[in-house]
Amino acid sequence: MKHIRNFSIIAHIDHGKSTLSDRLIQETGIVSDRDFQDQILDTMDIERERGITIKSQTVSLPYTAKDGKEYVLNLIDTPGHVDFTYEVSRALASCEGALLIVDASQGVEAQTLANLYLALEHDLEIIPIINKIDLPSAEIDWVKGQIEEDLGLDPEASILTSAKNGIGIADVLEGAVELLPAPEGDPAAPLKALIFDSHYDPYRGTVVHFRVIDGKMKAGDTIKFMSNDASYKVEEVGVFQIVRVPRKELSAGEVGYLIAGIKTVSDTRCGDTITHVKGGCEEAVAGFKDPTPVVFSSIYPVASDDYEELTTAMEKLQLNDASLIYEKDSSAALGFGFRCGFLGLLHLEVVQERLEREYGLSLILTAPSVQYEVEFNTGEVEIIDNPALYPDPTTISRTSEPFIKAAIIVPERYMGAVMKLCLDRRGISVNYQYLTNSRMEMIFELPLAEVVYDFYDKLKSITQGYGSFDYELIGYKETDLVKLDFLINGEKVDALAQLVHKDRAVSRGRVACEKLKEEIPRQMFKVAIQGAIGAKIVSRETISAFRKDVTAKCYGGDISRKRKLLEKQKKGKKRMKMVGQVEIPQSAFLAVLKSD
Ligand code: GDP
Ligand code: MG
């Protein structure tokens, strides 16, 4: 155990976590240069394309230190997005230390701080790393100042790196050995192991990622998960070295995986404790929580015939994503589909992209909604996450909506713009403080519903990319909601309905009608778009009918151009849904939520 170091790399997005991980893996030589590809830990296409980590990955790095001894450095990668804070916290609970990366030209940002706080909550030893020192805009002294003042860490202990150019990588490995504590724990005590992740292998079932706190686990053991008492016989234990490498046993302080014929990842829960059925430990590791979805949306196939395929795809996807929850749903306009709960909008987009890409489906997602708490005149309370199911307002005595506490860090010059954005979104300014002379942290309480859609994009654009944002849910507050319906040629389209604060219902209705007008293509007849609250029409737009056949001008012309045009139309069509007589494109369902 003396020769093990368990640590995470934490950073604000884009500060170089994946690149540094790559360099550490290369330096320790567990992957041959020939097999190496950049961002080796980001295994999903979406992760590589977007440059974010969604699933955490672990890797055991063998390392011979300057003292001549063999060490095992377990690098536990954590997801890098606010949607996945709980997974991050479980990964950190499996570590003794963390490397905190700060970009030498960007300095400390919102998630640098948020991640540091999380790491400190878990009593981790922290090594500051100043990365991207190769950049001409690197300001090492300025960053050191921030490390001291904003983070309260010793700037002289920081390691300077260029992950891109491979500078300082050996110092990071040596620093991990020297500065981070070895794990403690009793190999002779009853087994206690913490699950921090799991993934699905089509041949072996669920692969559970865990850290042994006390005791030992080996193949053949009968284990159980303490949250639900489910027991399994262990088939294999081992460590991750990009590929799985089986081991005879895993003992206190070690990090690795187990395979035990577990059919779906939803049978294992991040944060749960594993122990032996016989002679197991008494107490589970503290901090276990069930995943809590915050954003809800319904998924429908564009072609109703694809419902069976969607069902299969959802089942398969859930094997690999325990935080995805769903149930059957149906809509008068869209037919059969699924109501789904997501950890956040990024999670929603990832699910949509995977369903479309990996399963070749064409889908419609309804406008995302949060969960409202509705109290009826009878005193009964119900949770509503689907605007289509919002009850008759005369039966309701009180409605509450979820609020978040948002921490936004921006250069001072954007303070006014951020203030305006947050107040426009019904935010309450709670506090602000200067982190340095020119950077400030602003704290707001905001309705979750106002941030789920395009808040982050807006923040980025008004601050020219400098603003950073982190949030946590703080609970429910009373609100005044109305249901905004949309009618297309007089027919109410339930999947377009949204719940809106009363004060902004009329303006939302107007903007949404304008958006729908932009999104819905002309048809052979006139199309009326109306926004309504109850029986009252609050906004209206009209799409005039087609005049010409689009292909008419191609007749007699270039045949390949004509074919291209038809193909383009066909492709466009795949994402159109017939609602009554009118074809509505996929994009229209999300467009109604856009604020301007
Ligand atoms: P992550 O979001 O923290 O995982 O960041 P990445 O490792 O994906 O890096 C974000 C971007 O910064 C990528 O374009 C990297 O190539 C780049 N980058 C990472 N480290 C360095 C560095 O040391 N120097 C320079 N110039 N760029 C770097
Ligand atoms: Mg990354």
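Given R₀ = 25 Å, what would the calculated FRET efficiency be for residue 381 paired with residue 328, taking r from the Cβ atoms and rounding to 0.05? The formula returns an efficiency of 0.55 here. Highest mean first, the peptides 477-487, 174-184, 378-388 sorted by other C-beta atoms within 10 Å per residue fall in the order 477-487, 174-184, 378-388. Antiparallel versus total DSSP beta bridges in the chain: what percent is that, nearest 5? Restricted to the chain, the bridges split so that about 85 percent are antiparallel. Helical content of the chain, expressed as a calculated mean residue ellipticity at 222 nm, amounts to -7500 deg cm²/dmol (DSSP H runs of 4 or more residues, -39,500 (n - 2.57) each, divided by residue number, nearest 500). What is the extension gain from residue 263 to residue 154, computed as 0.36 nm multiplied by their sequence separation minus the C-alpha to C-alpha distance, in nm to one decimal? 34.5 nm is the gain from fully extending residue 263 to residue 154. Compared with the direct C-alpha span, the chain from residue 525 to residue 510 gains 3.2 nm at full extension, assuming 0.36 nm per residue. A crude spin-label estimate for the pair residue 186 and residue 1, with each label 7 Å from Cα along the Cβ direction, gives 1.0 nm.
Only loop residues by DSSP count here, and only those with at most 13 other Cβ atoms within 10 Å; note down the GluC sites (Glu not before Pro) in the range 268-343 that meet that. Numbers along the way, then the final one.
On the way: sites: 282, 283, 308, 309, 315, 327; in loops: 282, 283.
In loop regions of the range 268-343 (DSSP not H, G, I, E or B), the sparsely surrounded GluC sites (Glu not before Pro) are 282, 283.
With a Förster radius of 30 Å applied to the C-beta separation of residue 581 and residue 394, the computed FRET efficiency comes to 0.35. In this structure, the amide hydrogen of residue 474, modeled 1.01 Å from its nitrogen in the peptide plane, lies closer than 5 angstrom to those of 403, 404, 405, counting only residues at least 5 positions away or on a different chain. Averaged over residues, the count of other Cβ atoms within 10 Å places the peptides 138-148, 19-29 in the sequence 19-29, 138-148, highest first. When you filter the chymotrypsin sites (Phe, Trp or Tyr not before Pro) in the range 167-233 for DSSP loop state and at most 15 other Cβ atoms inside 10 Å of their Cβ, you are left with 203. Remark: the chain is approximated by an ellipsoid whose semi-axes, taken from the C-alpha gyration tensor as √(5λ), come to 45, 28, 26 Å, largest first. Full extension of the segment from residue 307 to residue 487, taken as 0.36 nm per residue of separation minus the current Cα-Cα distance, would add 62.3 nm. Treating r as the C-beta distance of residue 474 and residue 14 and R0 as 25 Å, the FRET efficiency rounds to 0.35. Which of rounded, prolate or oblate describes the range 192-276 when judged by the alpha-carbon gyration tensor and an a/c cut-off of 1.5? Rounded, because the longest to shortest axis ratio a/c is under 1.5.
Can you work out the PRE-style zone for residue 165? Point 7 Å along Cα to Cβ, and I want the residues of the range 93-126 with backbone N under 16 Å. 104-105, by backbone N distance to the label point. Taking label points 7 Å from Cα along the Cα-to-Cβ direction, residue 230 and residue 277 give a separation of 1.5 nm.
Since every read-out is calculated from the coordinates, none of them should be taken as a lab result. A quick note: this is a predicted structure, and the numbers were derived from the prediction, not measured. Heads up, the Cβs are rebuilt from the backbone with ideal geometry, glycines too, and the neighbour counts pull from every protein chain shown.
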